[in-house]
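The values are calculated or read from the model by the stated rules, or taken from the named source; none is laboratory data. Keep in mind that this is a model prediction, so the values were computed, not measured. Ideal geometry is used to build each Cβ from the backbone, glycine not excepted, and the neighbour counts take in all protein chains shown. Surface areas here come from the heavy atoms of the whole protein model, side chains and all, with no ligands, DNA or RNA. Shrake-Rupley method; radii C 1.70, N 1.55, O 1.52, S 1.80 Å.
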Amino acid sequence: MLYDEIPPEIGPFDAENMLIVATGPLTGHFLPASGKTHFGTKSPATGGYADSNMGGHFGPHLKYAGYDVLVITGKAESPSYLFISDDMVEVRLAAEYWGQGSITAEKDLKRQLGDEYQIITIGPAGENRVRYACISHDFGRQAGRTGVGAVMGSKNLKAIAVKGTGSIPVADLKEAFAKGKEAYQKVKAKPGFEGWTPEGTAGLTNWANEVGVFPTRNFQTSYAGHYKNINGKAILDRLKITDKGCFGCPTPCGKYGHTRTSSGAAYVEGPEYETIALFGGNCLLKTIEEVAFANYLCDELGIDTISAGVVIAWTIECFQKGILNSQEIGREIDFSDLDTVVYLLNKIANREGIGDLLAEGVKIAAEKTGNGSEQFAIHVKGLEWSGYECRNAPSMMLAYLTADVGAHHNRAWVLGHDVAGAWTSVHDLIASGAEHEAQPKAVVSDRSAQYVIASQHTRSLFDALGNCRLQMMELGFEEEHYAELYSLITGRTKTWEELLKISERIWQLTRAFSVREIDNFDRNIDFPPGRLYEEPIADGPNQGHVLSKGDIHNLLTWYYNKRGWNENGIPTKETLKAAGLQEVVEDFEARGLF
Amino acid sequence: MELRPIHENCSGCSICRLACAIENFQEVNPSKSLLRIEARFPAPGDYCIHVCDQCGECADNCPEDAIQLQDGVFIVDQDACTGCMICVDVCPRDVMFEQKHSDIPAKCVLCGECARTCPRNAIVLVEEQESEVA
């Protein structure tokens with residue numbers, strides 16, 4: 001839809017850009033964790049393809065109301081929200097909610113409309129088009145990445161509220177119900193059900209430090225000595241009130257709790273691993289309470305915690321190196337300082353002072369700031385890097401370089417191939433008990449391309465199906481179950497292998513979109529910042545390791561070859577034809593893109 | 001038998017409600033569910049499960065005697081019910097439901113599907129004696 005309707009002349013914040021709110025064929029059905037909602041648009045972060053997804057209950061209710069997909073174009077004349085109650089669809093005024101935080105607006109809308117409404121909101125950051133503004137839901141779930149909240153804000157759209165009281169059809173309800181129940185039993189029988197669930201993704205914190213992949217001090221190193229003060233156990237001991245699950249989830253990773261710090265106290269969902277990595281590691285916040293408070297503030301302001309953690313750490317390093325001074329910033333700032341984080345988040349969300357520069361994202365901020373700050377602006381294509389440091393992890397490095405939305409782990413997670421041997425689930429890895437031993441230098445080989453592509457296809461398929469992948473990825477619940485459920489629910493019999501072919505087509509199409517939209521597209525667009533291939537890791541288990549520029553080129557070349565892309569990373573005519581994308585071939589020919 | 005909610009085990013996933021709707025109405029439509037999950041956010045930040053405990057308030061207040069105890073479960077007699085909805089008003093747990101496409105209210109028939117489905121044992125089926133001891 002984006003490829004057909006949004007040509008290069010239309011910018012991310014132009015009224016003509018689309019915000020596509022999509023469920024998948026499994027969303028809202030009876031199987032583990034079918035609660036996903038996806039947001040697709042032209043990216044404020046990269047100018048190319050963007051999507052971001054969230055769990056919660058919104059997608060299922062959208063389907064019960066009778067809608068698979070909402071396509072939002074244009075721009076409201078004044079702040080508005082979209083109200084959907086089954087067949088009734090209204091654009092309503094939202095003046096009283098505009099300016100409110102995401103959580104406050106959701107609370108007030110629920111109070112006005114009723115608890116049975118599922119609501120998504122943006123905060124001030126979305127209203128002010130911060131390029132990494134998120135869309136929030138269910139008091140702690142976010143479609144965090146790529147600036148989808150800024151696109152929503154550019155349309156003057158504060159919120160969408162939906163109530164669905166209809167039923168969704170199933171080809172073979174009896175069998176699908178039986179198979180769904182069996183799926184729950186099988187997930188419960190996995191070792192990770194008891195072992196992984198209590199801490200959720202935060203359980204990765206120990207392991208990420210023990211093997212040295214934890215982004216720390218603006219990716220200067222990959223190990224944070226205080227990690228046991230910001231890990232999953234710290235959440236359970238000091239913050240947690242309840243587990244908080246998305247629709248149908250048997251293994252809720254959401255940990256809802258309360259935090260108290262010198263900067264304030266708050267109820268907050270999380271922090272999950274990524275937020276711990278980017279605020280606890282990258283900005284060096286000292287305690288889980290501080291990380292949780294930064295998390296809360298991001299949620300309320302409507303800012304992605306990952307991008308924010310990268311942007312703030314970059315700003316602190318600029319200050320330490322004398323590239324930005326306290327007059328430009330408005331005060332002195334430092335790592336390990338919650339006040340610094342609180343100060344900068346508020347500036348960013350409101351685009352005040354230095355915040356106006358930082359709201360553009362680390363790529364644009366570094367380009368405007370110059371003086372060598374591009375070297376340590378940690379992003380790919382303009383999207384800030386998420387929570388895994390990769391200078392001794394070539395497969396994961398390649399995953400970040402080639403993710404269609406920019407430097408995000410959502411598309412492929414292949415660290416298991418870099419730092420461990422055979423593994424079937426993340427729970428296996430965490431339970432493997434790695435200790436702080438010096439890690440051997442990773443071998444760079446063409447196998448990385450095959451690992452990354454396999455993971456990209458698997459994970460994208462979960463996104464396309466509208467189902468969470470964590471039961472498969474973290475617990476090792478087998479993919480074939482999803483194919484069986486897909487077949488019973490839709491009436492179209494498919495094997496997992498057949499479904500994976502959809503992913504291949506998706507990857508060619510999203511790449512083609514970005515090639516068309518991003519000026520002068522070539523392999524440099526896929527390159528990391530200099531720090532990640534020129535500066536050896538400062539300390540920790542991977543001390544001294546770094547991939548060379550030649551390694552990066554080799555990784556990209558192996559990947560491009562396997563994808564059927566040319567040396568600049570552009571899909572060839574034959575590749576696009578083989579994927580059934582004849583209309584893209586014609587468009588590329590007309591635009592001279594081959 | 002009786003349904004017993006264990007609120008602190010609930011993570012709000014609501015799959016119990018979908019299981020209930022499929023089992024009792026053969027529809028993928030949780031709005032037809034005969035139990036409620038109350039999500040109390042942002043504060044105090046927890047879940048409260050509301051299930052029918054077969055207390056009989058509905059039957060006691062039915063002017064038509066259309067709700068009868070059968071094998072420990074209060075059942076609505078669809079022929080005798082006039083749809084006055086007094087039972088909906090008096091239910092202390094708010095789990096007597098008006099239905100969208102019917103004049104007859106609906107209530108839990110103790111099929112136990114919610115308890116069997118819950119992956120976290122937040123709703124359990126217990127013998128009544130066990131329940132009283134607890």
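Could you list all residues from the range A:292-310 that are assigned to a helix (DSSP H, G or I) and among the β-branched types (Val, Ile, Thr)? Spell out the reasoning first.
Looking only at the range A:292-310, we keep the residues that are assigned to a helix (DSSP H, G or I), and these are A:292-301, A:305-310.
Of everything in the range A:292-310, those that are assigned to a helix (DSSP H, G or I) and among the β-branched types (Val, Ile, Thr) turn out to be A:Thr305, A:Ile306, A:Val310.
Confirm whether A:Asp68 is under 30 Å from B:Ile15 (Cβ atoms) and surrounded by fewer than 24 Cβ atoms within 10 Å (Cβ to Cβ).
Details: under 30 Å from B:Ile15 (Cβ atoms): yes; surrounded by fewer than 24 Cβ atoms within 10 Å (Cβ to Cβ): yes.
So A:Asp68 fits the description; yes.
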Would you mind stating whether A:Lys363 is in contact with a strand residue (DSSP E or B) (Cβ under 7 Å, 6 or more places away or on another chain) and within 21 Å of A:Lys549 (Cα to Cα)? yes
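I'd like to check which strands (runs of 3 or more DSSP E) are fully inside the range B:1-83 and have at least 2 residues that are within 12 Å of another protein chain (Cβ to nearest Cβ) and either open to solvent by less than 50 Å² (accessible area, probe 1.4 Å) or closer than 26 Å to B:Asp103 by Cα (or both).
Values: elements: B:2-5, B:36-40, B:46-50, B:67-70, B:73-76.
The strands (runs of 3 or more DSSP E) meeting that bar are B:36-40, B:46-50.
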Would you point out the residue of the range A:93-114, among those that are outside any loop (DSSP other than H, G, I, E, B) and more than 14 Å from chain B (Cβ to nearest Cβ), that is least open to solvent (accessible area, probe 1.4 Å)? A:Leu113
A:Phe247 - would you say it is within 30 Å of B:Pro44 (Cβ to Cβ), of a type in the set (A, V, I, L, M, F, W, C) and in a loop (DSSP other than H, G, I, E, B)? yes
Close pairs (6 angstrom Cβ cut-off, 6 or more residues apart or separate chains): touching a residue at least 60 places away in the same chain (Cβ under 8 Å) in the range A:569-594, among the β-branched types (Val, Ile, Thr) anywhere: A:Leu576/A:Val584; A:Leu576/A:Val585
Return yes when A:Leu2 is under 30 Å from A:Cys249 (Cα atoms) and either of a type in the set (A, V, I, L, M, F, W, C) or in contact (Cβ under 8 Å) with a residue 24 or more places away in the chain (or both) and no when it is not. no
When you scan the range A:545-567, how many residues do you find that are under 27 Å from A:Phe219 (Cβ atoms) and either without any contact (Cβ under 8 Å) to a residue 60 or more places away in the chain or assigned by TED's automatic domain parsing to the domain that holds A:Val419 (or both)? 6
Within the range A:240-256, tally of residues that are more than 7 Å from chain B (Cβ to nearest Cβ) and open to solvent by less than 10 Å² (accessible area, probe 1.4 Å): 3
Test A:Leu284 against the stated conditions and say whether it is closer than 18 Å to A:Arg217 by Cβ, open to solvent by less than 20 Å² (accessible area, probe 1.4 Å) and among the aliphatic types (A, V, I, L, M). no
Output the number of residues of the range A:513-529 satisfying the condition of being closer than 18 Å to A:Ala590 by Cβ, assigned to a loop (DSSP other than H, G, I, E, B) and touching a strand residue (DSSP E or B) at 6+ places or on another chain (Cβ under 8 Å). 0
Please indicate, with yes or no, whether at least one residue in the range A:563-582 is aromatic (Phe, Trp, Tyr), open to solvent by 20 Å² or more (accessible area, probe 1.4 Å) and in contact with a Lys or Arg (Cβ under 9 Å, 6 or more places away or on another chain). no
Looking at the range A:57-92, which of its residues are under 27 Å from the mean Cα position of the chain (by Cα), assigned to a strand (DSSP E or B) and either within 19 Å of A:Asp108 (Cα to Cα) or of a type in the set (Lys, Arg) (or both)? A:Ser80, A:Tyr81, A:Leu82, A:Phe83, A:Ile84
Tell me which residues, restricted to the range A:164-180, are touching a residue at least 60 places away in the same chain (Cβ under 8 Å) and either surrounded by 21 or more Cβ atoms within 10 Å (Cβ to Cβ) or within 8 Å of chain B (Cβ to nearest Cβ) (or both). A:Gly164, A:Thr165, A:Gly166, A:Ser167, A:Ile168, A:Val170, A:Ala176, A:Phe177, A:Gly180
Sort out which residues of the range A:115-144 are farther than 17 Å from A:Glu269 by Cβ, more than 14 Å from chain B (Cβ to nearest Cβ), open to solvent by 10 Å² or more (accessible area, probe 1.4 Å) and out of contact with any Leu (no Cβ under 6 Å at 6 or more places or on another chain), and write them in order of number. A:Glu127, A:Asn128, A:Arg129, A:Arg131
Would you say A:Lys75 is free of Cβ contacts under 8 Å to residues at least 60 places away in the same chain and either out of contact with any strand residue (DSSP E or B) (no Cβ under 7 Å at 6 or more places or on another chain) or surrounded by 24 or more Cβ atoms within 10 Å (Cβ to Cβ) (or both)? no
Residue hits (the range A:31-56; assigned to a loop (DSSP other than H, G, I, E, B), open to solvent by less than 10 Å² (accessible area, probe 1.4 Å) and either within 14 Å of chain B (Cβ to nearest Cβ) or among the hydroxyl-bearing types (Ser, Thr, Tyr) (or both)) are A:Leu31, A:Pro32, A:Ala33, A:Ser34, A:Gly35, A:Ser43, A:Gly55, A:Gly56
Being out of contact with any Cys (no Cβ under 6 Å at 6 or more places or on another chain), among the small types (Gly, Ala, Ser), in a helix (DSSP H, G or I) and in contact (Cβ under 8 Å) with a residue 60 or more places away in the chain is the requirement here; does A:Ala454 meet it? no
Which of the residues belonging to the range A:491-508 are out of contact with any Phe, Trp or Tyr (no Cβ under 8 Å at 6 or more places or on another chain) and surrounded by 17 or more Cβ atoms within 10 Å (Cβ to Cβ)? A:Leu500, A:Ser503, A:Glu504, A:Ile506, A:Trp507, A:Gln508
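Yes or no: A:Gly24 under 25 Å from A:Ala349 (Cα atoms), away from every other protein chain (no Cβ under 14 Å), of a type outside the set (Ser, Thr, Tyr) and in a loop (DSSP other than H, G, I, E, B)? Walk me through how you get there before you give the answer.
Numbers: under 25 Å from A:Ala349 (Cα atoms): no; away from every other protein chain (no Cβ under 14 Å): yes; of a type outside the set (Ser, Thr, Tyr): yes; in a loop (DSSP other than H, G, I, E, B): yes.
No: the conditions fail for A:Gly24.
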